[in-house]
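Chemist: One structure coming up, written as structure tokens, with questions to follow.
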Amino acid sequence: MDTSLALVLLLAPFLGFLINVFFGKSLGKTVSGWIGTLAVLVSFAVTLYFFMNLTQSGQAVKISLFDWIDISTFKVDFGFQLDQLSLLWLLFVTGIGSLIHLYSISYMHDDENMHKFFAYLNLFIFFMITLVVGSNLLVMFIGWEGVGLCSYLLIGFWYKNQDYNDAAKKAFIMNRIGDLGLLIGIFVLGMITHTLDFDGINNAAQINNAMSGNTGWYAFAALCLFIGACGKSAQIPLYTWLPDAMAGPTPVSALIHAATMVTAGIFMVTRLHFLFDIAPAVQNLIAVIGAITALVAATIGLLQTDIKKVLAYSTVSQLGLMFLALGLGAYQVAVFHVITHAFFKACLFLGSGSVIHALHGEQDMRKMGGLKKHMPITFWTMLISTLAISGIFPFAGFWSKDEILMTAYEHKNSMPLYIIGSIASIMTAFYMFRLMYLTFFKDFRGTEEQKHHLHESPALITFPLIVLAILATIGGLISLPTGSWLNEYLAPLFAKVSGEEHHGLTDQTYMLMGIALVGAFIGIAIAYMKYIKQNQVPEADENITGVSKILYNKYYVDEIYDYAFVKPVNFFSKFFRDYIETGLSSAVFGLGKVTNELGYYGRKVQNGSIGLYLFAFVLGVCAIISYLFLAQNYI
């Protein structure tokens, strides 16, 4: 029974993919859209079934379909595990994924390749489920590579625009860089533990740590795995692909940024937490990289004018905070922020899509304004999610972000990380309310034609926004300072976690909450003064100067990468093509020409003259006899 249902959970989106690929065009746009949506809803329903059973029984489900690799003592099976962590991830992957599919039915209705879009979305969900439910690193790696492939297909979905193709290739290549680190980590773990199964790696690591304490290879493997996580979850230095991923349709942005691909790195580190726990140096590196990423991305987000780019850098910054929590060993806190972030960030991206839909593709906030009265549902849902991401009480983001900052404050020698995280959070409140003020308040700054056609989006677009806004409001209730359901739920996986060890409502707790709230309100107040009181509008690109220009141009990191890596690779590629390859080709063809010439003259000897043949024969015999005679005398 469990095996059959697990296969339904996994294969329902894949079946939706197959139907839409082969029959979607003939079925029509609406039918293909609903098939894709229902396929993910089936997976969500099965996930709920397993979740309820696990909540009641406390027993995880492990399934081995068949032996995949069996070489001497090294064995890998094709297996799944549905435990607390995987089911929690599946709930928001399939749940939010269903809402995004529903939203896409209306949003993508005018696209001629709508059936193909839903096929790619279904395939994306299939690979994400594979990544989450795999019981070993090899099955996880299938899903890991699969979501990378699907991100390439979806980011470059509107392939007639070359810039979009470039963004898709950039995402694919930068993820391959991280994936090389992941592969090396997998090979190292296979070499030292003789297994890729998560439980087997855990047992081997604990035995090694207890007996010898020499964790060098384990630390190296953890470092390599973290490099893979940096690629998927957009951490410095492999983060630049994520903002460019905005080239894809808005539902793709919501799917990648909120619930699926970018959370893969956090999931992998959390799943292998026992490996990182015995590598404190790597943990410290994770915390530092996360904090720096949060701050750098937040500073870039301050001056962006593309509504989706602001949200993209917000995602990078929030992911940095999650990695900060992972680096401090607070895995359950990182998971908490993953969940709340999935709620409010999906709502924000889908809300931005609603705005773009109403403005017929316009994404520049300098050409928006005054949309509050025309799009009330979009406004209120985005406002709720903005309050959540800004860390305003009592919305979901307040509780999860506060947990991260509190953990950093209490952790030994991590006060600088707490300060960096707090500054990034203040900046988040500023640039998110900057987005709201420029988009929904004051007078409309677009064209008269756009103003004439302003309207609220259809129900299929606004319904997911309402659901996500409700979740962004109440999502924090799963882990409160007075008692954490989430911690209790994850306790079987994390030995250090229990409700008793959770933060209580102490004076220090109130102080840290107060500081976080004051910081958020300061960011909001600055945005209010600039964009409401002073009615400022960001300057045109050519008028931006000084530090603002550096931030607006994202610290010129893309240009630095271009000069440091892309241009040298192109130069050497051209050099080898024009000179080395040409020289080798000339040498090879030269040998052919010499052989051809020798053959040409050799053919002239074969002229059919028997007298000439006899003369050559006699010369040959004489030469042989002479050689034998001389050789004998010398011997």
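Chemist: Among (1) in contact with a strand residue (DSSP E or B) (Cβ under 9 Å, 6 or more places away or on another chain); (2) at pLDDT 95 or above, where does Phe126 come up short?
Modeler: That leaves (1) as the condition not met.
Chemist: Are any residues in the range 360-398 within 26 Å of Tyr510 (Cβ to Cβ), surrounded by fewer than 18 Cβ atoms within 10 Å (Cβ to Cβ) and either touching a Ser or Thr at 6+ places or on another chain (Cβ under 6 Å) or not aromatic (Phe, Trp, Tyr) (or both), and if so, which ones?
Modeler: Correct list: Pro394 only.
Chemist: Just to be sure I understand, how many residues within the range 399-454 are open to solvent by 60 Å² or more (accessible area, probe 1.4 Å), within 17 Å of Gly320 (Cβ to Cβ) and part of a loop (DSSP other than H, G, I, E, B)?
Modeler: Total satisfying the criteria: 1.
Chemist: If I go through the range 164-202 residue by residue, how many of them are farther than 20 Å from Val282 by Cα and in contact with a strand residue (DSSP E or B) (Cβ under 9 Å, 6 or more places away or on another chain)?
Modeler: 6
Chemist: Considering every residue within the range 51-61, establish whether at least one is under 17 Å from Leu7 (Cα atoms) and open to solvent by 70 Å² or more (accessible area, probe 1.4 Å).
Modeler: no
Chemist: Let me ask something else. Among (1) at pLDDT below 90; (2) under 23 Å from the mean Cα position of the chain (by Cα), there is one condition Asn214 misses while meeting the rest; what is its number?
Modeler: The one condition Asn214 does not meet is (2).
Chemist: For the structure I just gave you, tell me whether Ala229 is within 20 Å of Val288 (Cβ to Cβ), more than 22 Å from the chain's Cα centre (by Cα) and modelled with pLDDT of 90 or more.
Modeler: In short, no.
Chemist: While we're looking at this one, here's another question. Being closer than 24 Å to Lys62 by Cα and either in contact (Cβ under 8 Å) with a residue 60 or more places away in the chain or in contact with an Asp or Glu (Cβ under 9 Å, 6 or more places away or on another chain) (or both) is the filter here; which residues of the range 204-221 pass it?
Modeler: Ala205, Gln206
Chemist: Using the structure shown, decide if Phe23 is open to solvent by 60 Å² or more (accessible area, probe 1.4 Å) and either on the phi > 0 side of the Ramachandran plot or more than 25 Å from the chain's Cα centre (by Cα) (or both).
Modeler: yes
Chemist: Can you pull out the residues in the range 567-579 that are farther than 27 Å from Thr545 by Cβ, open to solvent by 70 Å² or more (accessible area, probe 1.4 Å) and of a type outside the set (Ser, Thr, Tyr)?
Modeler: Matches in the range 567-579: Val569, Asn570, Phe571, Phe572, Lys574, Phe575, Phe576, Arg577.
Chemist: Taking interchain pairs and intrachain pairs at least six residues apart, which have beta carbon atoms under 8 angstrom, with the first residue in the range 22-36 and more than 11 Å from His101 (Cα to Cα) and among the polar types (S, T, N, Q) and the second outside any helix (DSSP H, G or I) and modelled with pLDDT of 90 or more?
Modeler: Listed by first residue and then by second, the contacts come to nothing, as the list is empty.
Chemist: Within the group Met415, Met368, which residue is among the aliphatic types (A, V, I, L, M) and within 26 Å of Thr250 (Cα to Cα)?
Modeler: After ruling out the rest, the residue left standing is Met368.
Chemist: Also, I was wondering about something else. Here are Phe198, Phe172: which of them is among the aromatic types (Phe, Trp, Tyr) and open to solvent by less than 50 Å² (accessible area, probe 1.4 Å)?
Modeler: It is Phe198.
Chemist: In the range 100-122, what residues are touching a Gly at 6+ places or on another chain (Cβ under 8 Å) and of a type in the set (A, V, I, L, M, F, W, C)?
Modeler: Correct list: Ile105, Met108, Met114, Phe118, Ala119, Leu121.
Chemist: Of all residues in the range 476-492 being open to solvent by less than 10 Å² (accessible area, probe 1.4 Å) and part of a helix (DSSP H, G or I), which is farthest from Gln59 (Cα to Cα)?
Modeler: Of everything passing the filter in the range 476-492, Gly476 is farthest from Gln59 (Cα to Cα).
Chemist: Moving on to the next point. Hey, does the range 91-105 have a residue that's out of contact with any helix residue (DSSP H, G or I) (no Cβ under 8 Å at 6 or more places or on another chain) and either surrounded by fewer than 18 Cβ atoms within 10 Å (Cβ to Cβ) or assigned to a helix (DSSP H, G or I) (or both)?
Modeler: The answer is no, given that none of the residues of the range 91-105 is out of contact with any helix residue (DSSP H, G or I) (no Cβ under 8 Å at 6 or more places or on another chain) and either surrounded by fewer than 18 Cβ atoms within 10 Å (Cβ to Cβ) or assigned to a helix (DSSP H, G or I) (or both).
Chemist: Which numbered condition in (1) open to solvent by 80 Å² or more (accessible area, probe 1.4 Å); (2) part of a helix (DSSP H, G or I) is the only one that Gly519 fails?
Modeler: Here Gly519 meets the rest and fails (1).
Chemist: From Leu5, Leu82, Leu10, Leu41, which residue is at pLDDT 90 or above, touching a strand residue (DSSP E or B) at 6+ places or on another chain (Cβ under 8 Å), hydrophobic (A, V, I, L, M, F, W, C) and open to solvent by 10 Å² or more (accessible area, probe 1.4 Å)?
Modeler: Leu10
The values are calculated or read from the model by the stated rules, or taken from the named source; none is laboratory data. Remember, predicted model here, so these are calculated numbers, not experimental data. No Cβ is skipped: glycine too gets one built from the backbone with ideal geometry, and neighbour counts run over all protein chains shown. All accessible areas refer to the heavy atoms of the entire protein, side chains included, with ligands and DNA or RNA removed. Shrake-Rupley method; radii C 1.70, N 1.55, O 1.52, S 1.80 Å.
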